[in-house]
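Just below is one structure, and these are the notes that go with it.
FYI, it's all coordinate maths here, none of it is from the lab. Keep in mind the model is a prediction, meaning the values are calculated, not measured. Neighbour counts run over all protein chains shown; Cβ positions are idealised from the backbone, glycine included.
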Amino acid sequence: MAETANAVALNESQIPEVPAEAAAQGSKQTVDPWNVQGEIGADGQIKAINYDKLIEEFGTKKIDEELLARFERVTGKKPHHFLRRGIVFSHRDFELILDRYERNEPFFLYTGRGPSSDSIHVGHCTPFMFTKWLQDTFDVPLVIMLTDDEKYLFSEKRTIEEVQGYCDSNIRDIISMGFDPNKTFIFSDYDYVGGAFYRQITRLAKHITLNQARAIFGFNDSSNIGKIHFGSIQGAAAFANSFPHIFGEDEKKTVGIPCLIPCAVDQDPYFRATRDVAARLTYQGVRFAKPSLIHSLFLPALQGPGTKMSASIDSSAIFMTDTPNQIKNKVNKYAFSGGKVSVEEHRAVGGDTEVDVAYQYLRFFLEDDEELEKIRVAYSKGELLTGELKALCIKELQTFVVAFQERRAKVDDAAVRQFTDIRPLTWAGNPKVPKADIVVPKVEGADGAEGGDGKLTKNQLKKLEKQKQIEAKKAQKAKEKEGAAAA
Ligand code: TRP
């Protein structure tokens, strides 16, 4: 797959993090962790990404009505509009997660982000919106990985200091999506690697050969060895035993706890490899759980459905720092229209919502199904003009971005620590069923040796100690208050 690739405008291979070895000339569509682009037609135009073809190529399953009906039965909740509209369109073993939820057996959510710039855009937000909804729906722990190491290894220019800086601001952005601090652990690879997590990384590394890494990711002899190894890091977070502070130290229990990974479909290669390894791992006779996946398609670039928004191409994206006016101007100026050239022709023939970017954005951001359908019909019939459709889209985007900015302004250092400190999480799972096999998070402190035996590292212990002190202080204060009230 990485052998096919790109040729024309908005070529993601211009972006520094793209491995040169993955870019080649060709006209087929490319979707891998570094390149996302639709097929280039005979006319030189990029076509919309064909997601059904991806399902076939990747060997995943389409999310169908039956699965959604089961989801609704099991959770008692109407499926998110991303699910209803095929924005979250494909999966691997999602039904196994529903089985576990039904029995209230533990599982967790895992997602991540590569901190490649300070400026996140609405395209980055959509997987997190969906992940937050999953967390609210299932009431389970969520781990969010920031792959600062990945962004350093895969870029010619970026320094470690630079990616770590992005990490800090990206964590604040992610928090602003509204996650619950009691159930969410956000970590950067540079900070968290060590102990149980590193042990799991080496398990994966030991079970992936150079040949496999080449076949899955398209690396070659000139690829730096950090890239070749990176898949074992991204994969290791898919296992509960990488997080003893959340799931406890007893690996015999934790290796069997699966995760559900909501991600954009370009991340699938990483987890295909991870699932293959999982199938071959056991711990003292207990099988490792294979991670389940649920894939979303990309929010298109303003230029059209053949590519995704890019943080390094300002005119391709709506940034979370854009003002309402900037949003309006960008959509009006750049959003690819499925409308006709003249008003007369548009009224006569109607517009094409499949390629119309303003309409596509409404599918992501306008929750009301009936209203969306009205818009679709009116536009297709030519009753609604491009300018009018864009105005509707602009309004939804402005509302979303402004609300985000208000939450973002409130995220302070203390809030960041609430999410990043090494600490136990609390969750209840399925309220209708008593918790099966409750894993009591037990974090052993001082007596644990450091490093490769799965115990916490020095840094992690320090953080934990700090956390304990803060909690002790809090308890002390509460006591004093009580005392004062009683007096
Ligand atoms: N590699 C991803 C990126 O560059 C980040 C990531 C790490 C991730 N783990 C993940 C994304 C799990 C989705 C799910 O953005």
statement: Rounded to the nearest 10, the angle in degrees between the Cα long axis of helix 386-409 and the longest principal axis of the Cα atoms of the chain comes to 20
- prompt: Which peptide among 424-430, 123-129 comes first, and what is the full order, when sorted by highest mean count of other Cβ atoms within 10 Å?
  reply: 123-129, 424-430
task: Using the structure shown, list the pairs from K183/K432; K132/K206; K151/K333 with a Cα-Cα distance above 29 Å, or answer none.
output: K132/K206; K151/K333
message: Quick check: the angle from helix 160-175's long axis to the longest principal axis of the chain, C-alpha only, nearest 10 degrees?
response: 80
- request: Provide the packing ranking of 315-323, 337-345, i.e. peptides ordered by the mean count of other C-beta atoms within 10 Å per residue, highest first.
  value: 315-323, 337-345
- prompt: Taking the alpha-carbon centroid of each part, what is the distance from region 193-257 to region 316-395 in angstrom?
  reply: 43
- request: Report, in degrees rounded to the nearest 10, the 0 to 90 angle that the Cα long axis of helix 369-381 makes with the longest principal axis of the chain.
  value: 20
Among G123, S223, F138 - extreme Cα towards positive end, dipole of the chain, charges at beta-carbon: F138
statement: A student applying the Cα gyration tensor rule (rounded when a/c is under 1.5; otherwise prolate if a/b is larger than b/c, oblate if not) would label the chain prolate
message: Order 303-314, 381-392 from most to least packed using the mean count of other Cβ atoms within 10 Å.
response: 303-314, 381-392
Whether region 23-145 is rounded, prolate or oblate, judged on the alpha carbon gyration tensor where a/c under 1.5 counts as rounded: prolate
